[in-house]
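Values in this text are rule-based calculations from the coordinates and carry no lab data. Computed from a predicted model, the values in this text were never measured in an experiment. Neighbour counts are summed over all protein chains in view; Cβ atoms, including those assigned to glycine, are modelled from backbone coordinates with ideal geometry.
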Amino acid sequence: MKIVTTGSEYIYTLAKHTLTNIHDGYLMGISLISDDRLELELKCLSGERAKLVFPDLLTLVANDFRQGNIIDDINFYSSEEAPWDLVLQAYEIQEAEKQKYLPIYQRNLETYNWTLLELTSSYGCDLLALSKSPIKDIVILSIE
């Protein structure tokens, strides 16, 4: 499942909160609350701030975090629809090793209804995170 846009406005409805206008918004912070819980602090162009809570973290790769990370898109993929290329990137598997490791990761992950989070930016941090929880367990909370 890829949560997509309606018109020019990005709308993500995940469990408890709807976050609008995330395109060209900002990734303000990345926090590992424990070994298996990721929190992303987001700021929309409207000024709305939110915290994306990503539970049951299996792996995280965040590259090029800077002051002023401008979000291009945030995609969530269920285990049935996730591109395996991105899953292997999340585990930092090199191109030459992909054929070797793909069956191993497919076998290891088949027991979970997992979710892949892909955050792309037009400036700054790109991020991939894999959770062993389904999309419905991801929460976006408003920050007052």
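Scan around residue 65 for amide H atoms under 5 Å from its own, H built in the peptide plane at 1.01 Å from N, and keep only partners 5 or more places away or cross-chain.
none
What percent do you get for the relative contact order of the chain when only Cα pairs under 8 Å and 6+ apart count?
31 percent
Taking 0.36 nm per residue of sequence separation and subtracting the Cα-Cα distance, how much length would be gained by fully extending the chain between residue 108 and residue 31, in nm to one decimal?
25.1 nm
I'd like to know which of 117, 32, 68 lies farthest towards the positive end of the charge dipole of the chain, counting +1 on Cβ of Lys and Arg and -1 on Cβ of Asp and Glu.
32
Put a dot 7 Å past each Cα toward the Cβ at residue 123 and residue 59; how far apart are the dots in nm?
Placing both labels 7 Å beyond Cα along the Cβ direction yields 3.1 nm.
If you fit an axis through the alpha-carbon atoms of helix 98-109 and take the longest principal axis of the Cα set of the chain, what angle between them do you get, 0 to 90°, nearest 10?
The helix 98-109 is inclined about 70 degrees to the chain.
Rank 48, 80, 118 by mean-square fluctuation in a GNM of the chain with C-alpha springs under 10 angstrom and give only the top-ranked residue.
80
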